[in-house]
Amino acid sequence: MGHLVELSRQILHHAQALESQLEAAAAPQPSLTSGGPALYPTPSTHPQIFTTRSTLVDASKEMCQLALGPGDALRSMIGSEKIELFTLNAIDRLGVCKHVPPFPSSISVKKLAQGISVQPEILERLLRFAGSMNLFNVVNEQVSHTALSEAQSWQQSISQIFSVFSS
């Protein structure tokens, strides 16, 4: 048995453990759909959940890097992740999250573009890429939140992160 298979078993084990720990803590299961939980229980009240999540994330990152291979893994660090960072920055600077109505409502791309003074075609491209990152849903030219885009902590923290970089 190779390292990929062993790692996949570890990922499955920790994913199952996390679901069980969340259930025992009466906490909701993770979801990226709008209205899903924005945060996990705090590490101070549920340290085992934090430890399991950390182990699961580490194993998942290693699996992704192994599946990509060293060259593509390195390129992804300086390629697609940089584009994702630029996308987050654009969403933050334009104030997109503030203009998309709360779940379960949506707004048309054209109306959103007017609200933030951007050409609709450019905004639609930005939102489609953001959608590939699970930041927004764009269906039939309507934009709605996902759990990531509606998370208030995300909206505040991303602004703080970019203010540090622009100082």
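The numbers here are math on the coordinates, done by the rules we state, and not lab data. Being a predicted model, the structure only gives us computed values, none of them experimental. With ideal geometry, Cβ positions are generated from the backbone for all residues, glycine too; neighbour counts draw on all protein chains shown.
Remarks
- Cut-off under 5 Å, modelled amide H: who pairs with Phe136 long-range: Gly131
- Cα gyration tensor, region 44-138 - rounded (a/c under 1.5), prolate or oblate: oblate
- Dipole check for region 3-76: with +1 at the C-beta of Lys and Arg, -1 at the C-beta of Asp and Glu, and the Cα centre as origin, the magnitude is about 100 Debye.
- Normalising the average separation of contacting C-alpha pairs (under 8 angstrom, six or more residues apart) by the number of residues puts the relative contact order of region 9-129 at 18 percent.
- Residue with peak Gaussian network fluctuation, the chain [Cα springs, cutoff 10 Å], from Leu94, Leu68, Leu148: Leu68
- Over the chain, DSSP H runs of length four or greater, each weighted -39,500 (n - 2.57), average out per residue to a 222 nm ellipticity of -21000 deg cm²/dmol.
- For region 33-48, the Karplus equation 6.51 cos²θ - 1.76 cosθ + 1.60, evaluated at θ = phi - 60°, returns couplings of 6, 4, x, x, x, 8, 9, 8, x, 5, x, 5, 8, 9, x, 5 Hz by residue, with Gly and Pro reported as x.
- Across every pair of non-identical alpha carbons in the chain, the mean reciprocal distance, once inverted, gives a Kirkwood radius of 18.0 Å.
- Using only side-chain charges placed at the Cβ, +1 for Lys and Arg and -1 for Asp and Glu, the dipole size of region 83-154 relative to its Cα centre rounds to 140 debye.
- 3J(HN,Hα) from dihedral phi, region 126-141, Karplus parametrisation 6.51/-1.76/1.60, rounded to Hz, x for glycine, proline: 4, 5, 5, 5, 4, x, 5, 9, 6, 8, 9, 9, 10, 10, 6, 6
- The chain: most fluctuating residue of Gly36, Gly115, Gly131 per GNM, C-alpha cutoff 10 Å: Gly115
- Listed residues His99, His13, His145, most fluctuating in the chain (Gaussian network, C-alpha, under 10 Å): His13
- Size of electric dipole in the chain: Cβ of Lys, Arg +1 and of Asp, Glu -1, about Cα centre, debye, nearest 20: 380 debye
- Charge dipole of the chain about the Cα centre (unit charges at C-beta), most positive-ward option of Ala67, His3, Val139: Val139
- Cleavage-rule hits, GluC sites (Glu not before Pro), region 103-141, DSSP coil, Cβ neighbours within 10 Å at most 15: Glu141
- Within straight-line reach of Lys98, meaning a Cα separation under 26 Å, sit the following lysines at least 8 residues removed in sequence or on another chain: Lys82, Lys110, Lys111.
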